[in-house]
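Enquirer: What follows is a single structure, and I will ask about it in a moment.
The values are calculated or read from the model by the stated rules, or taken from the named source; none is laboratory data. Computed from a predicted model, the values in this text were never measured in an experiment. Neighbour counts are summed over all protein chains in view; Cβ atoms, including those assigned to glycine, are modelled from backbone coordinates with ideal geometry.
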Amino acid sequence: MLEKYLNINPEVKKALKDGQAVVALESTIISHGMPYPKNVETALAVEQIVRDNGAIPATIAIIKGKLRVGLTPEEIEYLGKGNDIVKASRRDIPFIVAKGLDGATTVAATMIIANLANIKVFATGGIGGVHRGAQQTFDISADLQELAQTDVAVVCAGPKSILDIGLTLEYLETQGVPIVGFGTDELPAFYTSKSGFGVDYRVDKVEELAEALKIKWDLGLKGGVVIANPIPTEFEMNPAVINGVIGSALKEAEENGIKGKEITPFLLDRVIEHTSGASLDSNIQLVYNNVRVGAQIAVELSRKANNNCI
Ligand code: PSU
Ligand code: MN
């Protein structure tokens, strides 16, 4: 039944069957998160980093109405160049499939499809969250509800300050989603390694992370975990500079009446432009760093699963 909709490429399928580590990767970051051609270069480099760390990459998207797990470089290029790629979150999946369209999957949609394929670890740059001014706009990313219900661990660089970080943490607490600081007591804020907020748990070793994930799911505690991995200090941005830029981008969004699913891509685009690309370089580096950690966690999880079978 599921095969009618879900297409897992042979390499990923074999890896899953053999109990090898697989890391899910999203495609909104390709189509709506970074400009061409750096988006494509980054997506391909990310796949290589997953491999270099002993896991198999599974970039996820919807192509011509099929849920795809594992893409070819040509397909990544297609998503990176295309103009008619729909930003696809949970609500969009059935309609994009029914209409045979192309969809770039957000964190929420990537988690859903990864889970259908039985992939437990997903690495990306940033997750959606509670937007600033959400008290008025109700703008809360569907990523947060997905984290509450879908059993996939998401490695990211923390919420960026286009969001209301405090409210995002409150929302996740209510939903029972743990925020783990990987090697840090302080929550990172995407472009910077510090946010002024704490994390629920600090974990320094992937073995301990994998153990906690296994325990969570063994106990039937549904939902994901946010693994917040700070950007390496050499690639950090100056907090005053980036926060100033984010402030002007938010103002521009308001002046232009940007709302709903358009706002995150709009803000990312404005931030890149206002920093003359410096934020893009930081963004790329933090993604590389997350993917490396994601692969290591996936390797550790698969080692545990395989040991259990012996
Ligand atoms: N943050 C980034 N880059 C991104 C996104 C967020 O730094 O590409 C994307 C992710 O796919 C995330 C989505 O799931 O934006 C959130 O969109 P929204 O806020 O509309 O839920
Ligand atoms: Mn939103």
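Every residue, every condition in (1) closer than 30 Å to Ala210 by Cβ; (2) over 18 Å from the mean Cα position of the chain (by Cα); (3) modelled with pLDDT of 95 or more; (4) among the hydroxyl-bearing types (Ser, Thr, Tyr), yes or no:
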| site | (1), (2), (3), (4) |
| --- | --- |
| Gly82 | no, yes, no, no |
| Ala88 | yes, no, yes, no |
| Phe95 | no, yes, yes, no |
| Thr106 | yes, no, yes, yes |
| Ala114 | yes, no, yes, no |
| Ala123 | yes, no, yes, no |
| Phe138 | no, yes, yes, no |
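Enquirer: Are any residues in segment 132-143 farther than 28 Å from Val46 by Cα and in contact (Cβ under 8 Å) with a residue 40 or more places away in the chain, and if so, which ones?
Expert: Across segment 132-143, the qualifying residues are Arg132, Thr137, Asp139.
Enquirer: Taking Ser276 as meeting all but one of (1) assigned to a helix (DSSP H, G or I); (2) surrounded by fewer than 23 Cβ atoms within 10 Å (Cβ to Cβ), write down the number of the exception.
Expert: Result: Ser276 fails condition (1) only.
Enquirer: Only residues that are near ligand 2 (Cβ under 10 Å from one of its atoms), assigned to a helix (DSSP H, G or I) and out of contact with any Gly (no Cβ under 8 Å at 6 or more places or on another chain): list them for segment 129-150, please.
Expert: Ala134, Thr137
Enquirer: Now, a different point. If you check Val293 against the conditions, is it more than 13 Å from ligand 1 (Cβ to nearest atom), closer than 21 Å to Thr168 by Cβ and either in a helix (DSSP H, G or I) or at pLDDT 95 or above (or both)?
Expert: Criteria met by Val293.
Enquirer: If you don't mind, there's one more thing I want to ask. Any chance segment 221-230 includes a residue that's over 30 Å from Leu44 (Cα atoms), more than 16 Å from ligand 2 (Cβ to nearest atom) and modelled with pLDDT of 95 or more?
Expert: Yes.
Enquirer: Sticking with this structure for a sec: Can you tell me how many residues in segment 278-310 are farther than 14 Å from Ala21 by Cβ and either among the acidic types (Asp, Glu) or more than 21 Å from the chain's Cα centre (by Cα) (or both)?
Expert: Here the count works out to 4.
Enquirer: Here's another thing I want to ask about it. Of the numbered conditions (1) within 13 Å of ligand 1 (Cβ to nearest atom); (2) farther than 23 Å from Ile284 by Cα; (3) among the polar types (S, T, N, Q), Ser161 fails exactly one; give the number of that condition.
Expert: Here Ser161 clears every test but (2).
Enquirer: Right, here's the next one. If Val241 satisfies every condition in (1) of a type in the set (Val, Ile, Thr); (2) within 13 Å of ligand 1 (Cβ to nearest atom); (3) farther than 30 Å from Ile119 by Cβ but one, which is the exception?
Expert: All conditions are met except number (2).
Enquirer: Same structure again: So is Ile63 of a type in the set (A, V, I, L, M) and closer than 14 Å to Thr105 by Cα or not?
Expert: yes
Enquirer: Which members of segment 235-268 meet the condition of being aliphatic (A, V, I, L, M) and exposed (fewer than 13 other Cβ atoms within 10 Å of the Cβ)?
Expert: Answer for segment 235-268, where residues must be aliphatic (A, V, I, L, M) and exposed (fewer than 13 other Cβ atoms within 10 Å of the Cβ): just Ala240.
Enquirer: Assess whether Leu101 counts as being away from ligand 1 (no atom under 13 Å from the Cβ), of a type in the set (A, V, I, L, M), surrounded by fewer than 24 Cβ atoms within 10 Å (Cβ to Cβ) and not in a helix (DSSP H, G or I).
Expert: yes
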